[in-house]
Amino acid sequence: MKEKDMVSDYLSNLNSSLAGYAQVIAQCDNKELRDTIAQIRNSDEQKQWEVYQAAVQRNYYTPASQASQQNIQQVKQQFSQDNQMNAMNQQMNQGMMNQNQLQ
């Protein structure tokens, strides 16, 4: 197996692990376990960044072009709107649960 392929596989595995950590952390009820997994995630994020930088330097990976300020603002606006909608949905769900408890 070529070095380029190994680096690509390793990056792919790290990226998958990072996504998995996010799901586990979000659903973890045990504070100590949650903090431990967050530390592991942080360590893997650092590894991912270092391997990514090495891959770019060796021309194993070509990053996407830089986003324009307009694109960045559009994404920020979309996430802000999504967060507002999620907050409203949570409030509505809580209100419905409270009504059901009163009945």
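Things to note:
- Seen against the Cα atoms of the chain and their longest principal axis, helix 31-57 is set at about 30 degrees.
- Counted by neighbouring Cβ atoms within 10 Å, the residues Leu11, Leu18 run from fewest to most as Leu18, Leu11.
- Rg ratio (alpha-carbon, reference 2.2 N^0.38 Å) - the chain: 1.57
- Sum of -39500 (n - 2.57) over DSSP H runs of 4+, divided by residues of the chain (222 nm, nearest 500): -30000 deg cm²/dmol
- Fewest-first ranking of Ile37, Ile72, using other Cβ atoms within 10 Å as the exposure measure: Ile72, Ile37
- Toward the positive end of the charge dipole of the chain, with +1 on the Cβ of Lys and Arg and -1 on the Cβ of Asp and Glu, the farthest Cα among Leu33, Val51, Ala19 is that of Val51.
- Length released on extending from Asn98 to Asp82, taking residue separation times 0.36 nm less the Cα-Cα span: 3.3 nm
- Set of lysines with alpha-carbon distance to Lys2 below 25 Å, sequence-local pairs under 8 removed: Lys47
Just so you know, all these numbers are worked out from the coordinates, no wet-lab data involved. These figures come from a predicted structure and were not determined experimentally. As a convention, Cβ positions derive from the backbone with ideal geometry for all residues, glycine included, and neighbour counts pool all protein chains shown.
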